[in-house]
Structure formats: C-alpha cells, structure tokens
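This report refers to the structure that appears directly beneath it.
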Amino acid sequence: MKIKEITNYLEEIAPLNYAEDFDNVGLLVGDANIDVSGVLVTLDTLEKVVEEAIEKNCNLIISFHPIIFGGLKKLTGKTYVERVVQKAIKNDIAIYAIHTALDNHKNGVNDQICNKLGLINREILVPQEGTIKKLTTYVPNENVEEVREALFTVGAGSIGNYNHCSFNIKGEGSFLPNENADPHTGQKGQLHLGEETQINITFVKHLESQVLKQLFKAHPYEEVAYEITSLHNKNQDIGIGMMGEFEKELPIEEAMKKIKSIFNTKSIRHSKFHQEKVKSIAVLGGSGAFAINNAIAKKADIYMTADMKYHDFYKAENKITLVDVGHYESEQYTKDLLCALLQKKFHNFAIVLSNINTNPIQYF
C-alpha cells in the first residue's frame, strides 16, 4: 500500500479545500508513492514521536497539528521543528497533517468533543462561507435524465439530508455550427433551434473537477455550455465549532465538574457564572476566542474552548460562561478519532496510536 492511498482516503473524509487559509495541511514530509510499513497517529509530531515511529516500524505519521507551520528557511537542527524534519527525512518517515480540515468537518474534532460530553441537538457553530457552488448547463431534452444522473453520482445535488436535488427549466436553445464543427444535432452552416432544458444543480466546492468531468462525459454536445457560480449560502455541514445541549439542564457547578473530569484537567479558567443552571453549550477545540460572539449569538449557556486571553473573558458580559479547558485538553481525543477512521478503512493494516503525551503545558 502506498502512502497516497491512505492520505487520499483522509482527504475524502476531510478535504483539504476546507482547511483555514492560514493553515499548512497535507503531506509535509516524504514521498506519497512509497510503500507504507505502518502508520502512527499522534496529536503533535515531536522528536520523541518520530523515535516512537522508528521503534514501531511506522514510516507514516498522521498528525493532527502540522509540524511545519510557517516557511522553513534553514535545516540546521537549531529548533525542535528542524530537528523533527531532519530525523524524519534521515529515517524515511513521512509526516501528514490534517488540522483545520478536520476541524471544519461536521463529524470531526468538535463532534468528537460533543460525543465525550454526551451532547444532543448538534449544529455547527461557525458555518464556513464560500463552500457551495452552482452549476447551470443546457441539455437537449432527450439527454436530461442521463446528464442529471451522471452529476448525482459524484455528489452534486446534495443539500443537507436531501440528495438528487436540481431545478430544471425547459426552453429553446440556438447555435450555428461552422465548417469545423461536428454537431450532435443540426447542420453545418445552418442556424439550429432546438428544445433544451436548463439544469441548475449545487455542489460543494471540492467536487468541482469531478462534477465537470461527469458533465463533459455525459453531455452529448461537442461544446458544452455551462456556468459555475459561487454562492454566499452558509453550509450547514462544513464549519468550525459545534453547538449542542446536555440531555437535561445541569447546575453550573455540576457542568463544570463534568467538563473537568472528561477532559482530565487539573484546573479550568472561566468567566463569572452568569446563571445557576445550564443546558446549551458551544465547543471549539483549540484556540477559539474568535468565536465568542458566535456562541453568544447562538444563546449558548457555556462556551468551551482554549487559549483565551485576559481581555477575552470580559466579552462574556454576563451573557455566557466562558470556559478555557486548555488547548491540548480540548483536542486530546482527536487522535482517537483519526485512529478509528483509519482502522475502519484499513482494518488489516498496522494503525498505531501514539502513547506519547505531547502537551507542552505543565501544572504545579
């Protein structure tokens, strides 16, 4: 099995198109075409993680966080990043990072947090914009069904819980083939008027190349007339953070104890409790101060995230209880999710969960 077979599968689940612009995801070190001896799954790729991969005969590390975030201008071994990259290259170990591509998946990082908390009635906290596109094309009436079905097979026309969605308008098309044309209908040099159907169908942006490939394959015309437009509609299935509810209302102190226990933290930083009982909770793994207002707008009782600064806690304004559980703590179950996804597909292959705690923060 090649490395690309495993990474292609991950990118089917969490397409890299939906990673944040600032991020660095995908294959960061190594050759996608080499054979895989084993896969080590980790939250962070540190030197001791590379050593663990060597010990366990794993030449592919699947990491949540990217070890290379900014540009590398030197490889002298002076920083931990450089040393990790050097050690990986010397030992022919590939490193792949998925990070915010998985953050923005509806069954990704934040869904895993919701699973741990036992939340119901979930929805994405910050839907990603610009992920939906619309295809408009014009097809002879007798070929409409064939073209539509071809587009449906690659995922076009899926909206939430509905598939095979399209809107169709019948009309009259015209064209004048020149002497070099090979028209499906009509004659060279003669204006042709024919009954056609305008097909309108939406799709998520990472499917564009597949949608066009199917369109050109199924459409009978030599020259296919089509338009693709980007929509401003928010995508209910792609975005960061998640909103949910406890099964029953809890006293705020009980909710905090539940969070502290589940995420194995010695202490929690939080704003003033704004009410005695809570039910709704918004979560965002990792650094999530940017979404405080989104959580307030959704009327969450609690917003749980990490890396909040001193002044971020003022933004609660007695409308929400802000909870900083810690960056590592909020994302610690992500490697279990990755491991489960890989084992589901490659159940006869060595998928190893790293035993190393990569949390750089210690508590006294």
Exercise for the section: Determine whether the range 2-9 contains at least one residue that is in contact with a strand residue (DSSP E or B) (Cβ under 9 Å, 6 or more places away or on another chain), charged (D, E, K, R) and closer than 30 Å to I240 by Cα. Expected result: yes
Exercise for the section: Might you let me know whether the range 91-107 holds any residue that is touching a His at 6+ places or on another chain (Cβ under 8 Å), closer than 30 Å to L46 by Cα and not basic (K, R)? Expected result: yes
Completion exercise
Selection over the range 292-312 where residues are surrounded by fewer than 17 Cβ atoms within 10 Å (Cβ to Cβ) and either in contact with a His (Cβ under 8 Å, 6 or more places away or on another chain) or among the basic types (K, R) (or both) yields a count of 3
Problem - Search result, residues across the range 19-52 that are surrounded by fewer than 18 Cβ atoms within 10 Å (Cβ to Cβ) and among the polar types (S, T, N, Q) - result: N24, N33, S37
Handout entry: Cross-chain or 6+ apart pairs with Cβ under 7 Å, the range 111-128 first and within 14 Å of E247 (Cβ to Cβ), then open to solvent by 40 Å² or more (accessible area, probe 1.4 Å) and modelled with pLDDT of 95 or more
Key = C114/R122; G118/E247; L119/E245; I120/E245; I120/E247; N121/E245
Problem - Among the residues listed as L353, L337, the single one being in contact with a Leu (Cβ under 9 Å, 6 or more places away or on another chain), within 23 Å of N59 (Cα to Cα), surrounded by fewer than 18 Cβ atoms within 10 Å (Cβ to Cβ) and aliphatic (A, V, I, L, M) - result: L353
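Of all residues in the range 53-67 being assigned to a loop (DSSP other than H, G, I, E, B) and within 19 Å of the chain's Cα centre (by Cα), which is surrounded by the fewest Cβ atoms within 10 Å (Cβ to Cβ)? Please lay out each step first, then the result.
Initial filter on the range 53-67 (assigned to a loop (DSSP other than H, G, I, E, B)): 56-59, 64-67.
Filter once more, so that each one left must be within 19 Å of the chain's Cα centre (by Cα): 64-67.
On the way: F64: 25, H65: 19, P66: 22, I67: 23.
Only one residue tops the list, namely H65.
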Practice task
Quick one: in the range 180-217, of everything that is farther than 14 Å from F152 by Cα and in contact with a Ser or Thr (Cβ under 7 Å, 6 or more places away or on another chain), which residue is modelled with the highest pLDDT?
Solution key: Q198
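Do you know which residues across the range 276-291 are in a helix (DSSP H, G or I) and open to solvent by less than 60 Å² (accessible area, probe 1.4 Å)? Walk me through it before giving the result.
Step one: filter the range 276-291 for residues in a helix (DSSP H, G or I), giving 289-291.
The answer is A289, A291.
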Fill in the blank from the handout: Among residues of the range 261-273 being assigned to a loop (DSSP other than H, G, I, E, B) and either open to solvent by 40 Å² or more (accessible area, probe 1.4 Å) or of a type in the set (V, I, T) (or both), the residue modelled with the lowest pLDDT is K266
Fill in the blank from the handout: Over the range 82-100, the set of residues among the aliphatic types (A, V, I, L, M) and either under 24 Å from the mean Cα position of the chain (by Cα) or buried (at least 18 other Cβ atoms within 10 Å of the Cβ) (or both) is V84, V85, A88, I93, A94, I95, A97, I98
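The values are calculated or read from the model by the stated rules, or taken from the named source; none is laboratory data. Note that the coordinates shown come from a computational prediction; the quantities given were computed from them, not determined experimentally. Note that we place each Cβ from the backbone using ideal geometry, even for glycine, and neighbour counts take in every protein chain shown. With ligands, DNA and RNA removed, areas are computed over all heavy atoms of the protein, side chains included. Shrake-Rupley method; radii C 1.70, N 1.55, O 1.52, S 1.80 Å.
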